[in-house]
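Novice: Following this message is one structure expressed as structure tokens.
The values are calculated or read from the model by the stated rules, or taken from the named source; none is laboratory data. Only a predicted model underlies this, so the values are computations on that prediction, with no experimental measurement involved. Cβ coordinates were reconstructed from backbone atoms using ideal geometry, including for glycine residues, and neighbour counts include every protein chain displayed. When the accessible area is computed, the model is the full protein with side chains, heavy atoms only, and any ligands, DNA or RNA have been set aside. Shrake-Rupley method; radii C 1.70, N 1.55, O 1.52, S 1.80 Å.
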Amino acid sequence: MEEGYLYYPGCTLKTKASDYEESAMAVMEALGKPLVEMDDWYCCGAVQSLTEDDIMHQIAPIRTMCCAQEQGEKEVVTLCDMCYNVLKQANERMKEKPDDLETMNEFLTEDPDYLGEVDVHHIFEILRDMKDEIKKKVKKPITDLKIAPYYGCMLLRPDHVAIDDTEDPHIMEGLLEAIGAEVIHNPKRTECCGSYHTVNRSDIVEKRVEDIVSRAVKDGADAIALSCPLCQFNLDFHQRNTEYDIPVFYLTELIALAMGIEVGMEKHKIDPKSLLKDKKILE
Amino acid sequence: MKVDRSKKAMDFLDKVEELSGESVNACIRCGTCSAGCPFVEDMDVLPERIFKRIVLGDKEGILEKNTMWICAACFTCSVRCPRDIDIAKIMEAVRQIVLRHNIDMVDVDDVENMKELPQLAVVGCFRKETG
Ligand code: SF4
Ligand code: SF4
């Protein structure tokens with residue numbers, strides 16, 4: 001898409017993670033490459049089905065690939081890390097296993113067949129490649145903010161879908177430096193936040209969150225930056241039973257702030273606005 | 001730990017390998033998977049011990065443990081295994097063997113903080129823990 005990128009929202013970006021969608025859309029608009037929502041799409045299923053015989057749970061992601069193909073596009077961009085991971089893994093499976101693609105096409109009512117020519121990208125890959133443009137658009141560098149990037153799992157693992165080094169990623173560090181933030185290195189930044197256990201095993205998630213946040217705070221972080229709506233929820237909501245209360249930003253919110261774009265940040269549990277006011281980033 | 005070489009026990013090993021597409025026997029018990037797993041303190045037995053039990057045919061012994069349910073498919077072990085075994089897929093295979101017998105591990109009544117939860121958490125959890 002010459003004028004921007006075809007955007008797959010998934011189930012959470014319109015609701016609980018609307019702060020993320022709003023800020024990412026605004027940033028991409030300002031960079032002259034707007035995110036254009038797909039005409040049609042299906043829920044990805046949130047987690048990848050890992051058994052060899054399970055084609056059924058690959059159907060929804062591949063239907064979404066068909067929607068992109070139908071629109072004449074070769075690239076789909078996601079904001080959510082889980083959508084990225086599921087769409088990418090399902091799509092790669094179809095590309096690597098022609099038999100699975102054939103079975104899929106026999107089942108799908110979509111016409112024409114899915115050709116396996118669409119690529120899935122995460123917004124961080126796009127932003128990484130536009131770092132120089134981002135730098136040029138920075139109006140208010142967020143120089144006083146000490147930010148610990150948090151990657152979690154789904155952008156880095158399994159390694160065949162990783163957008164960066166699985167053990168030592170740097171995409172977020174580079175983008176944070178571009179907007180003037182001080183980067184706090186957190187060795188826990190690639191460890192799982194507890195994921196979907198937040199539904200029925202909160203105690204486990206609380207332990208993970210305490211471990212990750214305590215290390216960031218110990219190393220001097222004012223806040224955490226990330227991109228996954230599930231990680232954001234876990235790290236934000238589950239600090240309530242810990243001694244910590246540092247804001248958990250979507251990286252795109254920070255980029256928007258540095259570009260002088262107003263963002264709502266309405267859905268955060270730990271209010272980020274007082275920190276931003278203290279640091280004179282917000283009035 | 002029960003050692004069982006009966007056909008039924010070996011069928012379990014075969015089923016795990018068929019569903020996961022991974023070779024359980026390739027494991028050299030180096031413990032790298034367990035060392036890097038962020039959830040081991042909540043697991044009844046370590047991920048690497050599950051391998052040993054699968055090879056020994058201890059199906060019942062595995063299914064009564066919580067290890068595969070505590071595994072959140074974070075793939076940390078999978079990217080670190082020196083034998084290139086995708087351990088997350090083995091955990092999924094063991095989960096599926098249970099779930100395909102129409103046994104659900106989560107119920108709507110178990111959901112904590114329903115109003116707050118993002119949709120993808122609920123979708124993800126029910127996908128991993130119901131058949
Ligand atoms: S890391 Fe791989 S080889 Fe080592 S114990 Fe785990 S599964 Fe076996
Ligand atoms: S995939 Fe499962 S067993 Fe492996 S490190 Fe992650 S939680 Fe532990």
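Novice: Could you identify the single residue in B:ARG95, B:ARG100 that is away from ligand 1 (no atom under 16 Å from the Cβ), out of contact with any Ser or Thr (no Cβ under 6 Å at 6 or more places or on another chain) and open to solvent by less than 30 Å² (accessible area, probe 1.4 Å)? Before the answer, list the steps.
Specialist: On the way: B:ARG100 fails: open to solvent by less than 30 Å² (accessible area, probe 1.4 Å).
The unique qualifying residue is B:ARG95.
Novice: If you go through the range A:218-235, how many residues are surrounded by 20 or more Cβ atoms within 10 Å (Cβ to Cβ) and not in a loop (DSSP other than H, G, I, E, B)? Let's see the steps before the verdict.
Specialist: In the first step, residues of the range A:218-235 are kept if they are surrounded by 20 or more Cβ atoms within 10 Å (Cβ to Cβ); the result is A:221-235.
Now narrow it down to the ones that are not in a loop (DSSP other than H, G, I, E, B): A:223-226, A:229-235.
Number of matching residues: 11.
Novice: Which of the residues that make up the range B:12-46 are in a helix (DSSP H, G or I) and hydrophobic (A, V, I, L, M, F, W, C)? Working first, answer last.
Specialist: Narrowing the range B:12-46 to residues in a helix (DSSP H, G or I): B:12-20, B:24-26, B:32-36, B:40-42.
B:PHE12, B:LEU13, B:VAL16, B:LEU19, B:VAL24, B:ALA26, B:CYS33, B:ALA35, B:VAL40, listed by residue number.
Here is a yes/no grid of residues against (1) at pLDDT below 95; (2) under 15 Å from A:ASP81 (Cα atoms):
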position: A:PRO9; (1), (2): no, yes
position: A:ALA17; (1), (2): no, yes
position: A:SER23; (1), (2): no, no
position: A:CYS44; (1), (2): yes, yes
position: A:SER49; (1), (2): yes, no
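Novice: Condition first: within 20 Å of A:ARG208 (Cα to Cα) and within 16 Å of ligand 1 (Cβ to nearest atom). Can you find one or more residues in the range B:51-63 that meet it? Please lay out each step first, then the result.
Specialist: From the range B:51-63, those within 20 Å of A:ARG208 (Cα to Cα) are none; that's our starting set.
No, the range B:51-63 contains no residue that is within 20 Å of A:ARG208 (Cα to Cα) and within 16 Å of ligand 1 (Cβ to nearest atom).
Novice: A further question follows. Cβ-Cβ distance below 9 Å, separation of 6 or more or different chains: which pairs start in the range A:11-35 with a residue that is within 14 Å of chain B (Cβ to nearest Cβ) and on the phi < 0 side of the Ramachandran plot and end on one that is of a type in the set (Asp, Glu) and open to solvent by less than 30 Å² (accessible area, probe 1.4 Å)?
Specialist: Listed pairs, sorted by first residue: A:LEU13/A:GLU21; A:LYS14/A:GLU21; A:ASP19/A:GLU253; A:TYR20/A:GLU253.
Novice: Within the range B:64-77, take every residue that is within 21 Å of A:ASP54 (Cβ to Cβ) and more than 16 Å from ligand 1 (Cβ to nearest atom) and give me the one that is nearest to the chain's Cα centre (by Cα).
Specialist: Out of the qualifying residues, it is B:TRP69.
Novice: So, one more: Failed condition for B:ASP42, given (1) over 27 Å from A:ARG201 (Cα atoms); (2) within 13 Å of chain A (Cβ to nearest Cβ); (3) charged (D, E, K, R), with all others met?
Specialist: The failed condition is (1).
Novice: Quick one: which of A:VAL183, A:VAL205 is more than 9 Å from chain B (Cβ to nearest Cβ), over 16 Å from A:PRO272 (Cα atoms) and open to solvent by less than 10 Å² (accessible area, probe 1.4 Å)? Walk me through how you get there before you give the answer.
Specialist: On the way: A:VAL183 fails: open to solvent by less than 10 Å² (accessible area, probe 1.4 Å).
From the options A:VAL183, A:VAL205, the qualifying one is A:VAL205.
Novice: Select from the range A:152-170 the residues that are open to solvent by less than 10 Å² (accessible area, probe 1.4 Å), more than 20 Å from A:GLU206 (Cβ to Cβ) and not basic (Lys, Arg) and list them in ascending order.
Specialist: A:LEU155, A:LEU156, A:PRO158, A:VAL161, A:PRO169
Novice: Is it the case that A:ASP54 is among the acidic types (Asp, Glu), over 29 Å from A:LYS131 (Cα atoms), part of a loop (DSSP other than H, G, I, E, B) and within 13 Å of chain B (Cβ to nearest Cβ)? Step through it out loud before you land on a result.
Specialist: Values: among the acidic types (Asp, Glu): yes; over 29 Å from A:LYS131 (Cα atoms): yes; part of a loop (DSSP other than H, G, I, E, B): yes; within 13 Å of chain B (Cβ to nearest Cβ): yes.
Yes, satisfied.
Novice: B:ARG80: on the phi < 0 side of the Ramachandran plot and within 11 Å of ligand 1 (Cβ to nearest atom), yes or no?
Specialist: Yes.
Novice: With the requirement that a residue be under 18 Å from B:SER78 (Cα atoms), at pLDDT 90 or above and either open to solvent by 10 Å² or more (accessible area, probe 1.4 Å) or not assigned by TED's automatic domain parsing to the domain that holds B:ARG80 (or both), what does the range B:48-65 give you? Before you say what the answer is, go through the steps one by one.
Specialist: Of the range B:48-65, the ones under 18 Å from B:SER78 (Cα atoms) are B:48-52, B:54.
Remaining after also requiring at pLDDT 90 or above: B:48-50, B:54.
Correct list: B:GLU48, B:ARG49.
Novice: Of a type in the set (Asp, Glu) and not assigned by TED's automatic domain parsing to the domain that holds B:SER23: does that describe B:GLU92? Break it down stepwise before answering.
Specialist: Working: of a type in the set (Asp, Glu): yes; not assigned by TED's automatic domain parsing to the domain that holds B:SER23: no.
Spelling it out, it is not the case that B:GLU92 is of a type in the set (Asp, Glu) and not assigned by TED's automatic domain parsing to the domain that holds B:SER23.
Novice: Oh, and also: Out of (1) within 20 Å of A:ILE212 (Cα to Cα); (2) in contact (Cβ under 8 Å) with a residue 24 or more places away in the chain; (3) within 13 Å of chain B (Cβ to nearest Cβ); (4) not basic (Lys, Arg), what's the single condition that is false for A:HIS160?
Specialist: For A:HIS160, the failing item is (1).
Novice: Please go through the range A:245-274 and give me each residue that is assigned to a helix (DSSP H, G or I) and surrounded by 18 or more Cβ atoms within 10 Å (Cβ to Cβ), ordered by number.
Specialist: Restricting attention to the range A:245-274, the residues satisfying the condition of being assigned to a helix (DSSP H, G or I) are A:251-258, A:273-274.
Of everything in the range A:245-274, those that are assigned to a helix (DSSP H, G or I) and surrounded by 18 or more Cβ atoms within 10 Å (Cβ to Cβ) turn out to be A:LEU251, A:THR252, A:GLU253, A:LEU254, A:ILE255, A:ALA256, A:LEU257, A:ALA258.
Novice: Open to solvent by less than 30 Å² (accessible area, probe 1.4 Å) and away from ligand 2 (no atom under 13 Å from the Cβ): does that describe B:VAL45?
Specialist: No; evaluated as a whole, the condition is false for this residue.
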